[in-house]
Amino acid sequence: MSYLLYLPVAIPSLVILFSSLAVLFIDKGREEDYRLAYGLTSATVIVTLAVLIASLSLRLYNYSIFSGSLYLDLPGYLLSIATFAGTIVALTGLTGHMRDWKTRSSMLSLIMLTDLGVLYMSFSYDVLVILMGWAISSAATYAITMLRKDRKSVDAGIKYLILGLVSSSFMILGFAAYVVSTGTLSLNFSSLSYPDLLVLGLALLSISFLFKIGAFPFQGWLPDVYTMADRGSVSFVSSVGKLIGIVPLLKVLTLGDPSGVEKVAVIALFSVVSVLSMVVGNIVAFSRSDVAAILSFSSIAQMGFILVGFSVIQVDPTLAEAGIFTQILAYVIAQAGLFNFLGHLEKVSGTTNLEGLRGLAKGDRGLAASSIILVLSLLGIPPILGFWGKLFLFESAYTLPWLIVIAVLNSAASAGYYIPIIREMFRDGSVKLVRSGERDSVIMASVLSIVVGILAPLILVMFG
């Protein structure tokens with residue numbers, strides 16, 4: 001096999017490893033050092049994204065490397081692209097936000113290491129690769145949550161860490177059952193020694209990964225982290241951090257040859273969790289007046305929509321994968337942008353409550369328009385990217401019409417807490433135009449949501 005086939009993974013790996021170590025030594029506390037470290041990080045993320053897009057364009061996929069431990073396929077590329085696109089949005093908001101942090105170089109390094117872990121999980125073909133990628137990316141996100149070092153961030157981060165250790169235990173037990181039942185470490189199996197044990201293993205793995213994405217009833221850590229931790233940290237953890245759970249779950253459920261019992265178990269488990277996540281997330285979000293809390297609980301509902309695709313992933317994998325990717329890309333971009341928006345709003349108006357939005361449409365029309373686009377993307381209004389994600393997901397679940405009806409009703413109900421966010425922007429207030437990295441991030445995210453939304457139908461063409 002030509003060594004050129006290794007480049008889509010080898011180049012990002014080497015560049016990210018070098019940069020994640022280099023920024024720790026470059027930044028010695030001076031302003032020019034920080035600008036250099038930040039520039040290196042940004043360049044690393046952009047170069048990696050460019051390599052992935054170029055490799056995808058050159059059709060360098062559908063083959064394995066490193067003795068079959070990695071398999072380069074279309075879903076892996078698209079999930080990796082979503083990871084680095086979300087990172088660019090989150091990183092833009094951190095430009096000036098963390099300039100005075102003593103831990104700013106650690107933040108830059110950990111962001112890159114998180115991306116590296118997700119990259120390897122996206123192309124994983126082996127249980128050990130997922131364990132390695134999970135360890136790197138999960139540990140990094142726990143630290144990122146606490147890096148601001150204020151009391152609220154540390155409290156939230158410790159809770160996140162403790163519950164994360166519990167979920168990791170479920171993952172280890174789940175993979176132990178998975179390996180025993182399939183008789184291999186490879187995620188691509190064709191025969192089973194103990195079918196019932198595989199179902200148990202998948203249930204344990206699902207608990208672990210559903211914790212990471214904050215689906216009901218495994219969302220206990222999420223409200224505290226999203227509302228108490230630093231907004232810049234949350235913009236990354238709440239967006240790219242969700243891929244740490246979605247990517248391995250997708251790999252585990254799609255690469256093997258599922259039995260009839262496994263298909264029924266997957267449909268039953270994920271359809272129930274999907275409905276509960278949508279309903280509970282929406283109900284609790286209705287009762288909140290703080291925008292950070294609204295976005296926290298709405299993210300639980302958003303995961304419910306994504307789990308619609310997981311419910312039928314073994315029935316119609318092609319359409320389900322297209323829906324999952326499109327919706328997670330829409331979510332990652334919007335979530336990263338909106339939490340940077342909250343960070344900017346908190347500095348300008350002093351609060352993230354709904355009344356803090358008043359006057360924004362008059363005082364800063366660019367920011368108001370951009371944030372409205374992101375909110376409408378989460379709501380699923382065409383032609384913004386979030387509309388196509390929900391449309392593809394609902395189409396993939398045609399075999400479960402009752403689930404589609406529940407999802408559509410919950411999507412419509414979410415307008416009850418998204419629309420008030422928009423309404424408050426047009427009320428009289430005193431918000432002024434203040435330029436910042438967070439503001440630039442919101443504008444960037446809105447442009448991406450529109451542009452990628454226009455191109456979104458091509459994703460179905462790519463999946464065939």
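Bear in mind these aren't lab numbers, they're just calculated from the coordinates by the rules spelled out. None of these values were measured; they are calculated from a predicted model. All Cβ positions, even for glycine, are placed from backbone atoms using ideal geometry, and neighbour counts span all protein chains on display.
Here are a few things to note about the model shown:
- Of the three principal axes defined by the Cα atoms of region 141-213, the extents in descending order read 52, 18, 16 Å.
- Table column - 3J(HN,Hα) (Hz), region 315-330, Karplus curve with 6.51, -1.76, 1.60, x for Gly and Pro: 9, 9, x, 5, 5, 5, 5, 4, x, 4, 5, 4, 6, 5, 5, 4
- Multiplying each eigenvalue of the alpha-carbon gyration tensor of region 84-156 by 5 and taking the square root yields semi-axes of 25, 15, 8 Å, largest first, rounded to whole angstroms.
- Kirkwood hydrodynamic radius of the chain, from the reciprocal of the average inverse Cα-Cα distance over all distinct pairs: 22.0 Å.
- Projected label points at residue 53 and residue 355, each 7 Å from Cα along the beta carbon direction, are separated by 4.4 nanometres.
- Helix content alone sets the calculated 222 nm mean residue ellipticity of the chain: runs of n ≥ 4 DSSP H residues at -39500 (n - 2.57) each, divided across all residues, give -25000 deg cm²/dmol.
- Treating r as the C-beta distance of residue 155 and residue 432 and R0 as 45 Å, the FRET efficiency rounds to 0.90.
- Rg(Cα)/(2.2 N^0.38 Å) for region 198-330, N = residue count: 1.04
- Within region 58-75, backbone nitrogen closer than 17 Å to the virtual label 7 Å beyond the Cα of residue 188 toward Cβ: 60-75
- Computed over region 266-464, Cα set: Rg, Dmax in Å: 17.0, 53
- Of the three principal axes defined by the Cα atoms of region 16-84, the extents in descending order read 46, 24, 16 Å.
- Full extension of the chain between residue 36 and residue 165 yields a length gain of 42.9 nm, computed as 0.36 nm times the residue separation minus the alpha carbon distance.
- Over all Cα atoms in region 284-396, the spread is summed up by Rg and Dmax: 15.6, 50 Å.
- From the C-alpha gyration tensor of region 274-333, square roots of 5λ in Å: 25, 13, 5
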